[in-house]
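Worksheet: the structure to be examined is printed underneath.
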Amino acid sequence: MKKVILTAGLIIAFIHASFSQIEADSLKIKRLEKEIETLKNYNENLSGSLEITNMALNDLIRDKNISDETRWTNLKSSILHSTQIYKKLSDDIINLKSRMTDQDYQGFINSLGSIEGGPLGFSFEEVIMESVKRIGIFESKSKMDRFLEITNSVIASPIAAGIPFVSQAVSASNSLLNVAYSSLMTEKKPDFQKLNRFETELNKYLTYFAALDKANAANQSSYNDRILLLENLQLELMSRLKKEAPKLGYQVPDRFNNETIDAYFNRVLNGFSYDYVQLYLTRIENRYKNNRGEINYSNLLQRETELKNFSTHMGTLADLSKRFIMYYDNFFEIADSYHTRVLEALDLANNNGIIKGRKAGGTEETPKQVYERISKNLKDKKSTRDNGIKDSINISDLRQKIEKIEEFRSF
């Protein structure tokens, strides 16, 4: 009996020990399964991270390629834009120079200063002769006739005729007054009051002539200054072009003997044109194409440094363009001032009563109507001249091109 009990105890102990071992092994298996699951999740996360990293890397490479392509596109556009500005600025300078003196407008103003008869309806020569006869400066007919002969000679003199604008009237009247004064001094009883009346009569005309003369002289001086400024601007633009064009494979040719700066610019820019630059940049692109036709923009940008140098100096081109705009605006300011001074001289003629009525179109015009017609004629001719300049130059387009330069420089 004891033996049976002992055997049963051993069996129970073995079974308990076995279950304990099984339970321990089960826990190990669960821990192992958990570790495996954790490792699996880690591997999956690692694989996901690697995939994400790989995608990000590919995106970065693709973004870099896009960035390089964009940089090249902007650089190419800025270079082509510069070419357009060289042409636009050159044409505008030439245009303004050629239109500064309008023959119709300026010719009409010059006619207002004619001493032989002009739009105001009087001949200064006839005014002098009529005044001398009416006032009776000289007692003897011989002296009167002699003075009238001298008057004809002075007015017809090539020296007097060669004096610019209306200074001819001032010069002639001064000469005649000196002759009249000298002749009176030889008389027994010289009547200087008559000479004063004669001088007063002439002064009504001379005041007008002198005002017109002053306006014309100031305008001529200003014209010379403006032409000089524009030609200096052309020379600076050409100097800039000679430095920059070789960066795009173009050597600016030398200027011919007796070739005007305008003709020289037109010849140079016919060669260094938008089409030339576009073809040159296309050839640059072709150097960096692979067998699939893809362009290596990174290498292109790194190696073609002259192109970037060309684009870098666009700011100087913008500055030259801004100077032209300043000259352009100043031209109209001076032109307006000149026009005002001519109208003021015309007002003097009207106030002094020297404008004569005349027949026009079969009707008789009063002096006031002559004055109003001439004033309107002046304004219309100036307006036509100014509008012609504005239409041919289109300064708004140049301003927009300057703004575009600033945009390219911001990239």
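Things to note:
- Identity of the residue in segment 331-373, in a helix (DSSP H, G or I), β-branched (V, I, T) and under 14 Å from A211 (Cβ atoms), that ends up least open to solvent (accessible area, probe 1.4 Å): V342
- Condition check for T312: assigned by the TED database to the domain that holds I395, among the β-branched types (V, I, T), at pLDDT below 95 and within 15 Å of the chain's Cα centre (by Cα): no
- Scanning segment 320-352 for residues that are under 29 Å from S78 (Cβ atoms) and either among the small types (G, A, S) or in contact with a helix residue (DSSP H, G or I) (Cβ under 9 Å, 6 or more places away or on another chain) (or both) yields L320, S321, K322, R323, F324, I325, Y327, Y328, D329.
- Some residue of segment 326-345 being over 30 Å from G121 (Cα atoms), of a type in the set (F, W, Y) and without any contact (Cβ under 8 Å) to a residue 60 or more places away in the chain: yes
- Among the candidates G117, G113, the residue that is crowded, with 19+ Cβ neighbours inside 10 Å and small (G, A, S) is uniquely G113.
- Within segment 119-141, residues that are more than 29 Å from G107 (Cβ to Cβ) sit with their Cβ atoms under 9 Å from residues that are of a type in the set (S, T, Y) and surrounded by 13 or more Cβ atoms within 10 Å (Cβ to Cβ), at 6+ positions apart or across chains, in these pairs: V132/T151; I137/S131; I137/S183; F138/S183.
- Of everything in segment 276-289 that is open to solvent by 40 Å² or more (accessible area, probe 1.4 Å) and either out of contact with any Ser or Thr (no Cβ under 9 Å at 6 or more places or on another chain) or of a type in the set (V, I, T) (or both), the residue that is farthest from L237 (Cα to Cα) is K289.
- Selection within segment 396-411 - in a helix (DSSP H, G or I) and either open to solvent by 20 Å² or more (accessible area, probe 1.4 Å) or of a type in the set (S, T, N, Q) (or both): S396, D397, R399, Q400, K401, E403, K404, E406, E407, F408, R409
- Of all the numbered requirements in (1) part of a helix (DSSP H, G or I); (2) more than 19 Å from Q106 (Cα to Cα); (3) open to solvent by 40 Å² or more (accessible area, probe 1.4 Å), K376 misses one, and that requirement is (2).
- Condition met for F272 (open to solvent by less than 70 Å² (accessible area, probe 1.4 Å), modelled with pLDDT of 95 or more and not β-branched (V, I, T)): yes
- Residues that are among the acidic types (D, E) and open to solvent by less than 30 Å² (accessible area, probe 1.4 Å), drawn from segment 220-263: E244, E259
The values are calculated or read from the model by the stated rules, or taken from the named source; none is laboratory data. Computed from a predicted structure; not experimentally measured. Cβ atoms come from the backbone with ideal geometry, glycine included; neighbour counts cover every protein chain shown. All accessible areas refer to the heavy atoms of the entire protein, side chains included, with ligands and DNA or RNA removed. Shrake-Rupley method; radii C 1.70, N 1.55, O 1.52, S 1.80 Å.
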